[in-house]
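Student: Pasting a structure here, questions to come.
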Amino acid sequence: MKKFTNNVNHMLTESLGGFEKAHQDLVSLQLEPTFITRKHKASNKVAIISGGGAGHEPLHAGFVGAGMLDAACPGQVFTSPTPDQMLAAAEAVHADKGILFIVKNYAGDVMNFEMAAEMLPYQLATVLTSDDCAVINSTYTEGRRGVAGTVIVEKCVGSIAETGADLATCKALGDKINAQTASIGVALTSCTVPAAGHPTFEISESEIEMGVGIHGEPGRKRESMREADVIVKDMVDAILTDLKPTRGSEILLLVNGLGATPLMELYLIYNTAEKLLTQNGMTIARSLVGNYTTAIDMAGASITVCILDDEIKHHWDSPVHTAALRWGV
Amino acid sequence: MSLQTIFICAAASAIHVAIIAHKPEIESLDQAIGDGDHYINVLRGAETIAGMTDELAPLAPDEALNKIAMKLLSTIGGASGPLFASFFMGMAKTIKHNGGSNYLDIAAAFAAGVQELIKRGKGKIGEKTMLDVLIPVAHQFIFSAIENKTKEEICIDIKAAADKGLESTRNLVATKGRAAGLGDRAIGHLDAGAKSCQVMITEVCTLSLKSNN
């Protein structure tokens, strides 16, 4: 393992320290328990709080700021944050209109946020994101995983909360977007959890993991490496099979890097995905390309499609001022 | 006999040492069919509790178990944090009620802990999780205690139940936890959570045989 570390046990704190200093106009960092809030507390709105294991940066701390999250609780690398973090974050950002948790659907995240919700004396709701269509929902699985589609949920729910919408309205928009969004990832290499010091899984030069999760969890199947157009076609087909959008649908196309794949390749993927989706009768009305939901240093990418309507488009376009997303300001 | 806080502290230290000793096994299992963080999380919890001896020693057993639960909840994270915390909360509640003054009381408290864990994780037996060890052990503990077996016999029975439960995870398809997306690929591997529970339970039995608790 070759990484920029001083002491792996201090990595998260040192990185968050840098994050706070680099974005001191936007965010404040609290330690013990650890959470990030906006620099200036918002009032008269539902407080939107998210969180999850570190290693997916810029998710979630990079989305704290005007128009998006009020607070984020980072856990250890690939490990859910703990209820004391959520309780402290909720106390810090609560603004009398209730609290909405946005939680990716993993057992650990769900249970820790659930325990925090049971302990908090406020009106509270949770949006669970589960956009990963690589995991087939059945009685044999715990349900789909929340991956890059979470960014779209956080952006739009953050936007509607700024309008003073009540808790039920914010939750309803989050649930709607989640239901209209599907993602699938592919890994070319493993990732290395710093504290483990070696790659999470073995994969040869000639293999890819189709349907990989953002922690390096295996996905649908191990396949042989092929040219990009063929891989992207399989990914787009998986999404279309899952979402079943009607011809003529307007969509948001997000091509997300998993950490070690350069933008040059992400745009190449976008190029192919755009062509295939257009051929299938979709209109790509909005787009985003970059590293938004990563898996530490994994080489690979995910494709996310969200079926748009006027409400989602409006809240996607509204101003946002965070470390990782910034427009209209 | 009755459950003593000094035994709880000794068990915490013994578990910490045992988890470190089994690092390669636990880690490689989680890397095969999990996401590779289970060992680190369990170690972080074990290390923290082992370091709390001074804080725990003056407390009554149920208070010590509750304190352990709260500490685990804020240090482990992941799924293990709420699950282990729920276990110790359930155990504490029952010990407070029955005093833990014989093996049947302790068995009942262990079972209550497992029941809280089941409620939190919404799990059941046969899903390739730690419950495949914990549920058979809880049953066996009560069966053996109710038959008035000796401590030696109870420990042998519990260890056997833990080993058998662990082995049962080998040929299961995971339907809970992070291996759940794997389908048939999880077959042939033991579950890492079941393994760490088996290690802890075996260690506490070994310690019990050496002590008067």
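Taken together, the values in this text are just the output of simple stated rules run on the coordinates, not laboratory data. On a predicted model such as this, the values are computed, not experimentally measured, just so you know. Here the Cβ positions follow ideal geometry from the backbone for every residue, glycine too, while neighbour counts run over all protein chains shown.
Student: What are the pairs, 6+ residues apart or on separate chains, where a residue within region B:135-154 that is touching a residue at least 40 places away in the same chain (Cβ under 8 Å) has its Cβ under 9 Å from a residue that is of a type in the set (S, T, N, Q) and assigned to a helix (DSSP H, G or I)?
Tutor: Pairs found: B:VAL137/B:GLN198; B:LYS151/B:SER208; B:ILE154/B:GLN140; B:ILE154/B:SER144; B:ILE154/B:SER208.
Student: OK, next. For region A:260-281, which positions are hydroxyl-bearing (Ser, Thr, Tyr) and either in a loop (DSSP other than H, G, I, E, B) or surrounded by fewer than 16 Cβ atoms within 10 Å (Cβ to Cβ) (or both)?
Tutor: Initially, region A:260-281 is screened for residues hydroxyl-bearing (Ser, Thr, Tyr), giving A:261, A:267, A:270, A:272, A:278.
Answer for region A:260-281, where residues must be hydroxyl-bearing (Ser, Thr, Tyr) and either in a loop (DSSP other than H, G, I, E, B) or surrounded by fewer than 16 Cβ atoms within 10 Å (Cβ to Cβ) (or both): A:THR261, A:TYR267, A:THR278.
Student: Would you tally the residues in region A:208-257 being over 23 Å from A:CYS306 (Cβ atoms), crowded, with 24+ Cβ neighbours inside 10 Å and away from chain B (no Cβ under 14 Å)?
Tutor: 0
Student: Just for region B:186-207: of the residues that are buried (at least 20 other Cβ atoms within 10 Å of the Cβ) and small (Gly, Ala, Ser), which one is farthest from the chain's Cα centre (by Cα)?
Tutor: If we take residues in region B:186-207 being buried (at least 20 other Cβ atoms within 10 Å of the Cβ) and small (Gly, Ala, Ser), then B:ALA186 is farthest from the chain's Cα centre (by Cα).
Student: Okay, next question. Among (1) away from chain B (no Cβ under 14 Å); (2) β-branched (Val, Ile, Thr); (3) assigned to a helix (DSSP H, G or I); (4) farther than 23 Å from A:ALA195 by Cα, which single condition is A:VAL110 missing?
Tutor: Among (1) away from chain B (no Cβ under 14 Å); (2) β-branched (Val, Ile, Thr); (3) assigned to a helix (DSSP H, G or I); (4) farther than 23 Å from A:ALA195 by Cα, A:VAL110 violates only (1).
Student: Considering A:ILE303, A:ILE284, A:ILE296, which residue is of a type in the set (A, V, I, L, M), within 21 Å of A:ILE184 (Cα to Cα) and assigned to a loop (DSSP other than H, G, I, E, B)? Step through it out loud before you land on a result.
Tutor: On the way: A:ILE303 fails: assigned to a loop (DSSP other than H, G, I, E, B); A:ILE284 fails: assigned to a loop (DSSP other than H, G, I, E, B).
Testing whether each residue is of a type in the set (A, V, I, L, M), within 21 Å of A:ILE184 (Cα to Cα) and assigned to a loop (DSSP other than H, G, I, E, B) leaves just A:ILE296.
Student: When the residues of region B:93-148 are filtered to those that are of a type in the set (Asp, Glu) and under 18 Å from B:ASP191 (Cβ atoms), which remaining residue is surrounded by the fewest Cβ atoms within 10 Å (Cβ to Cβ)? So that I can check it myself, show each step before the final result.
Tutor: Keep residues of region B:93-148 that are of a type in the set (Asp, Glu), which gives B:105, B:116, B:127, B:132, B:147.
Still in the running and under 18 Å from B:ASP191 (Cβ atoms): B:127, B:132.
Values: B:GLU127: 22, B:ASP132: 28.
Among them, the one singled out is B:GLU127.
Student: Moving on. Please find, within region A:196-214, the residue that is farthest from A:LYS104 (Cα to Cα) out of those that are of a type outside the set (A, V, I, L, M, F, W, C) and not in a loop (DSSP other than H, G, I, E, B). Steps first, answer last, please.
Tutor: Within region A:196-214, the subset of a type outside the set (A, V, I, L, M, F, W, C) is A:197-200, A:202, A:204-207, A:209, A:211, A:213.
Checking the rest, the ones that are also not in a loop (DSSP other than H, G, I, E, B) come to A:199, A:207, A:209.
On the way: A:PRO199: 24, A:GLU207: 28, A:GLU209: 21 Å.
Going through the qualifying residues, I end up with A:GLU207.
Student: When the residues of region A:184-205 are narrowed to those that are away from every other protein chain (no Cβ under 14 Å) and polar (S, T, N, Q), which ends up farthest from A:ARG144 (Cα to Cα)?
Tutor: Filtering region A:184-205 for residues away from every other protein chain (no Cβ under 14 Å) gives A:186, A:188-189, A:204-205.
With polar (S, T, N, Q) added as a condition, the list becomes A:189, A:204.
Details: A:THR189: 22, A:SER204: 27 Å.
Once the filter is applied, the top-ranked residue is A:SER204.
Student: Answer yes or no as to whether B:ILE156 is within 14 Å of chain A (Cβ to nearest Cβ), surrounded by fewer than 24 Cβ atoms within 10 Å (Cβ to Cβ) and aliphatic (A, V, I, L, M).
Tutor: Values: within 14 Å of chain A (Cβ to nearest Cβ): no; surrounded by fewer than 24 Cβ atoms within 10 Å (Cβ to Cβ): yes; aliphatic (A, V, I, L, M): yes.
Answer is no for this residue.
Results for (1) within 14 Å of chain A (Cβ to nearest Cβ); (2) part of a loop (DSSP other than H, G, I, E, B); (3) under 15 Å from the mean Cα position of the chain (by Cα); (4) farther than 27 Å from B:THR129 by Cα, shown as yes or no for each residue.
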residue: B:SER2; (1), (2), (3), (4): no, yes, no, yes
residue: B:ILE8; (1), (2), (3), (4): no, no, yes, no
residue: B:ALA18; (1), (2), (3), (4): no, no, yes, no
residue: B:ILE26; (1), (2), (3), (4): yes, no, yes, no
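Student: Those residues that are over 25 Å from A:VAL329 (Cα atoms) and touching a Lys or Arg at 6+ places or on another chain (Cβ under 8 Å), I need them from region A:50-75; list them, please.
Tutor: Listed by number, the list holds a single entry, A:GLY52.
Student: Here's another thing I want to ask about it. Going by the conditions given, is B:ALA21 surrounded by fewer than 21 Cβ atoms within 10 Å (Cβ to Cβ) and within 27 Å of A:GLY216 (Cα to Cα)? Walk me through it before giving the result.
Tutor: Values: surrounded by fewer than 21 Cβ atoms within 10 Å (Cβ to Cβ): yes; within 27 Å of A:GLY216 (Cα to Cα): yes.
Considered against the rule, which asks whether it is surrounded by fewer than 21 Cβ atoms within 10 Å (Cβ to Cβ) and within 27 Å of A:GLY216 (Cα to Cα), B:ALA21 comes out as yes.
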